[in-house]
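Before any comments, here is the structure.
The values are calculated or read from the model by the stated rules, or taken from the named source; none is laboratory data. Model, not experiment: these values are computed from the prediction. Neighbour counts run over all protein chains shown; Cβ positions are idealised from the backbone, glycine included. Calculation scope for accessible area: heavy atoms of the full protein, side chains included, ligands and nucleic acids excluded. Shrake-Rupley method; radii C 1.70, N 1.55, O 1.52, S 1.80 Å.
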Amino acid sequence: MSFHERLTRETAAARESFLAIPLVANAPRTGGTRALYLAFLGEAYHHVKHTFPLLALAASRTTDERYQAALLEYMEEERGHEKWILDDIRAMGGDAEAVRTGQPGQACRVMVGFTYYAIEHVSPYAMLGSVHVLEGMSVLLADQLAATLAKTFGSAGGAGFSYLTSHGSLDQEHVAFFRALVDGIEDTAVQDIIIDHSRMFYRLYGDIFRELGARAELSYAA
């Protein structure tokens, strides 16, 4: 069994728990309101803007040259993606400047803060848990969500969905790159760190969607 197969198997329960979150389960099929989509983009901006510095931090903390080279490649690929999100917010009629200068919700703050902590104080390989969850779930869900929302909002030419479409099926190369990277990791202690942190990130990333869902319920009640 390859390590990627082990990683997928041993995080299956955490993945299913994430996919069972009502917002995650329903939105790709039924869509949602423009306000909810803008709220999602706002949270995405506030964690995506940390991707490059987190990758750089992990690269600075590892002596594994193969891993470091992979992180540098990830950095080049991920640079500036948060700007796409601001463009999507503008295209959907949102206030991109307010998002840029504002603060994320508590769940997003916790996830980002934990990522810095894990890289600094546990292992630079903890970053691979974040990559596994965020990229894997984007590939699984983003294209369907973008198509459903574009139909709901009548978006001409897909305006407002560049972040989702770029992190959907177009990100398949990243998944293949990730698989090759982790399958080259033979140290079982490092493998255990990646598995443990993948489980953590399923929970922490899921909390962002739980928080968004709770906000949506409050707005409907009002």
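Counting only helices (runs of 4 or more DSSP H) that sit wholly inside the stretch 47-105, those with at least 2 residues that are open to solvent by less than 20 Å² (accessible area, probe 1.4 Å) and touching a Phe, Trp or Tyr at 6+ places or on another chain (Cβ under 9 Å) are 51-61, 65-78, 81-91. Exactly one residue among THR152, THR148 is over 16 Å from HIS47 (Cβ atoms), open to solvent by 20 Å² or more (accessible area, probe 1.4 Å), at pLDDT 90 or above and part of a helix (DSSP H, G or I), and that residue is THR148. Just give me the residues in the stretch 155-166 being in a helix (DSSP H, G or I) and surrounded by fewer than 22 Cβ atoms within 10 Å (Cβ to Cβ), in sequence order. Across the stretch 155-166, the qualifying residues are ALA156, GLY157, GLY158, SER162, THR165, SER166. Give the residues of the stretch 125-136 that are open to solvent by 20 Å² or more (accessible area, probe 1.4 Å) and either within 16 Å of ARG61 (Cα to Cα) or part of a loop (DSSP other than H, G, I, E, B) (or both), sorted by residue number. Selection gives TYR125 alone. Taken together, the residues in the stretch 68-119 that are farther than 17 Å from GLU135 by Cβ and hydroxyl-bearing (Ser, Thr, Tyr) amount to 3.
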